[in-house]
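Q: If you scroll down you'll find the structure; I have some questions about it.
Readers should treat all values here as calculations from the given coordinates under stated rules, not as data from a laboratory. Computed from a predicted model, the values in this text were never measured in an experiment. Cβ sites come from the backbone with ideal geometry, for glycine too, and all protein chains shown count toward neighbours.
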Amino acid sequence: VDWDKLNLSYLEPSKFAENYWNRVSRARLVRSIEEAKSFVAHSDVKVTYSDWNQFKYTAQSLGIAEDEKAGVPRTAYEGIVEVRYGGGDFFIFLIPPYVDEGFKPADFGQKAWMKIDKETLLKNFGVSEKNDDGFLFGSDITGSENI
């Protein structure tokens, strides 16, 4: 591949952020992982999780990393985790509780999550207290398919 001859301008941070947000905002909002797995064969879908336990349960259901760093799920872009489920062309987007569904945050694409301290992010995800190993989380939601 002759990288010098390719037009990679779509990877410039502002263009990438705009294109990414447009794809996420156009994705079909679904209420459960089963619904997401069903619709992702035909279109992008998004699932909003409200706390860290829901994210962990969803991540386990999809076979992806379920840990966090600095209060943000690993592999996230601006707090949004994307999964190409089933080998198709479409994504399941896992949307965090601090991303509003109605409009693009003004600082999207500029690491907006970094403006929120880790303790606040983790509190928003349902972390209750610290122990020697890190953080203790609230009750599990295993067995619940709706998120």
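Q: For the range 11-60, just say rounded, prolate or oblate: build the C-alpha gyration tensor, square-root its eigenvalues into a ≥ b ≥ c, call rounded for a/c under 1.5, and beyond that prolate if a/b exceeds b/c, oblate if not.
A: oblate
Q: Report the FRET efficiency, 1/(1 + (r/R0)^6), for Lys69 and Lys5, where r is their Cβ-Cβ distance and R0 is 30 Å, rounded to 0.05.
A: Numbers: r = 36 Å, r/R0 = 1.21.
The pair Lys69/Lys5 has a calculated efficiency of 0.25.
Q: Counting only C-alpha contacts under 8 Å and six or more residues apart, can you give the relative contact order of the range 34-82 as a whole percent?
A: 16
Q: Can you check what the net charge comes to around Asp44, using other residues whose Cβ is under 11 Å from the Cβ of Asp44 (Lys, Arg +1; Asp, Glu -1)?
A: Every neighbour counted, the sum reads +3.
Q: Can you give the direction-averaged projected area of the convex hull of the alpha-carbon atoms in the range 1-102, in nm²? List each step's numbers first, then the result.
A: Details: hull surface 31.0 nm².
Mean projected area of the Cα convex hull: 7.8 nm².
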